[in-house]
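Please read the structure below before turning to the comments.
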Amino acid sequence: MGRRRNGDHSSSTLNGLPQPQGSKIRFEDDDEALIEETTESSNIDESMCEADDSNRVIEDSACEPAQSLDKDDKTSADYYFDSYSHFGIHEEMLKDSVRTKTYQNVIYQNKFLFKDKVVLDVGAGTGILSLFCAKAGAAHVYAVECSHMADMAKEIVEANGFSNVITVLKGKIEEIELPVARVDIIISEWMGYFLLFENMLNTVLYARDKWLVNDGLVLPDKASLYLTAIEDADYKEDKIEFWNSVYGFDMSCIKRQALVEPLVDTVDQNQIVTNCQLLKTMDISKMAPGDASFTAPFKLIAERDDYIHALVAYFDVSFTKCHKLTGFSTGPRSRATHWKQTVLYLEDVLTICEGESITGSLNVAPNKKNSRDIDIVLKYSFNGRRCSISKTQHYKMR
């Protein structure tokens with residue numbers, strides 16, 4: 001997964017399209033006072049692209065690798081676990097105000113959900129969500145973190161005077177034992193790039209099935225994956241077509257590899273050519289682990305005459321059990337988050353006219369050798385006035 005041009009769109013004026021009826025997520029009314037220490041609201045009102053309903057989910061979790069492993073014996077999963085031991089990745093997530101302040105507001109503005117409840121924080125990282133829950137009145141919080149950051153989290157909890165409320169447990173959710181038989185709430189920031197990259201969702205579902213009381217809460221409880229299409233000629237030329245001739249030499253074999261790897265970056269909303277299609281909604285409180293593998297049909301309709309160079313995926317997250325429906329979006333019309341968007345470049349350039357449509361399906365599944373990676377199969381067909389094509393492309397998020 002490469003990174004593209006840097007750019008923070010957080011201060012720009014965003015003109016999000018209206019939501020389908022009944023799906024609009026709001027954060028707080030203009031006349032309501034902000035809860036203490038919260039200065040940013042969710043980006044959901046600014047972002048949500050109108051989705052077609054016809055076809056109607058890490059970051060903090062990590063695990064310490066076995067100390068007996070030599071460097072050469074480490075698997076990709078070990079490197080994933082160990083990467084969360086470094087403070088830099090946690091700094092990036094904490095500074096993502098859309099992410100962190102949404103969780104903060106969900107907890108502080110819904111203290112009635114947390115008062116005197118036992119909470120499990122899955123993939124606690126620095127323990128920020130556990131601290132929010134403790135401050136909101138939770139009876140006890142069990143913060144489970146697999147990486148060396150668990151040691152820092154213990155110090156942070158102690159330094160802030162919550163040692164009697166928060167217990168930090170170092171280890172994998174699948175291997176630890178909680179001091180209690182059941183918890184009332186499971187909270188986690190499990191989402192990865194493309195929603196499912198790094199596959200922490202299954203860890204949350206494991207914890208849900210093992211420890212959550214009947215009618216207990218999973219926060220967040222809904223996640224939706226969307227697809228749209230963009231014009232991206234300049235960047236595709238710079239990053240993909242570049243390999244056709246490098247100082248006069250054919251390096252197109254690298255071009256083929258570059259096309260296979262989805263690109264994670266911020267897409268300018270002005271690049272969007274089509275509608276946004278809802279691919280999949282996941283109910284975290286009810287879904288089975290296998291539901292994270294799916295095939296979803298799509299139909300993207302052009303809203304102007306243009307070229308299409310790539311499809312773009314993004315996700316929205318919702319907390320539906322709050323006093324007010326709350327959440328955030330990682331879409332191109334949103335205030336930027338550290339998740340950005342996921343760009344799937346097409347081998348061919350499509351010349352599309354307003355009203356014409358691209359139809360197809362997207363198959364998503366964990367990689368068989370490393371479940372933290374994702375395999376994506378894109379099938380698409382287009383039959384327009386100026387262009388006609390039918391193709392299957394394979395992508396690998398590593």
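The values are calculated or read from the model by the stated rules, or taken from the named source; none is laboratory data. Note that the structure is predicted; figures quoted are calculated from it, not measured. Cβ sites come from the backbone with ideal geometry, for glycine too, and all protein chains shown count toward neighbours. For the accessible areas, the whole protein counts, side chains as well, though only heavy atoms, and no ligand, DNA or RNA atoms are used. Shrake-Rupley method; radii C 1.70, N 1.55, O 1.52, S 1.80 Å.
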- Taking the dipole of the stretch 202-332 about the Cα centre (Lys, Arg +1; Asp, Glu -1; charges at Cβ), the one of SER329, ALA313, TRP211 that reaches farthest to the positive side is TRP211
- Query: Quick one: if the Förster radius is 41 Å, what FRET efficiency do VAL213 and GLU158 give, using the C-beta to C-beta distance and rounding to 0.05?
  - Reply: 0.90
- Cα-Cα pairs above 29 Å in the stretch 193-343: how many percent? 30 percent
- Item | PHE294 accessible area, 1.4 Å probe, all protein chains in place, Å² to nearest 10 | 20 Å²
- Note on the structure: Over all directions, the stretch 128-283 yields a Cα convex hull whose mean projected area in nm² is 13.9 nm²
- Task: Would you work out which of CYS276, TRP243, THR295 lies farthest towards the positive end of the dipole of the stretch 212-303, given +1 charges on the beta-carbon of Lys and Arg and -1 on that of Asp and Glu, about the Cα centre?
- Result: THR295
- Query: With +1 on each Lys and Arg Cβ and -1 on each Asp and Glu Cβ, how big is the dipole of the stretch 324-398 about its Cα centre, in debye rounded to the nearest 20?
  - Reply: 380 debye
- Message: Could you tell me what a quarter of the Cα convex hull surface of the stretch 226-278 works out to, in nm² with one decimal place?
- Response: 4.3 nm²
- Query: Which of the residue pairs LYS255/LYS396; LYS368/LYS396; LYS222/LYS396; LYS239/LYS299; LYS95/LYS286; LYS236/LYS391 have a Cα-Cα distance greater than 22 Å in the structure shown?
  - Reply: LYS222/LYS396; LYS239/LYS299; LYS95/LYS286
- Message: Students often check this: by mean Cβ neighbours within 10 Å, which of 249-258, 351-360 ranks highest, and how do the rest follow?
- Response: 351-360, 249-258
- At q = 0.23 Å⁻¹, base-10 log of I(q)/I(0) for the stretch 112-163 (Debye sum, equal scatterers on each alpha carbon): -0.77
- Message: Considering just Cα atoms, how many Å³ per residue does the convex hull of the stretch 164-218 enclose?
- Response: 99 Å³
- Message: How large a share of the accessible area of the stretch 166-314, in percent, is made up of carbon and sulfur atoms when the probe is 1.4 Å and the other protein chains stay in place?
- Response: 49 percent
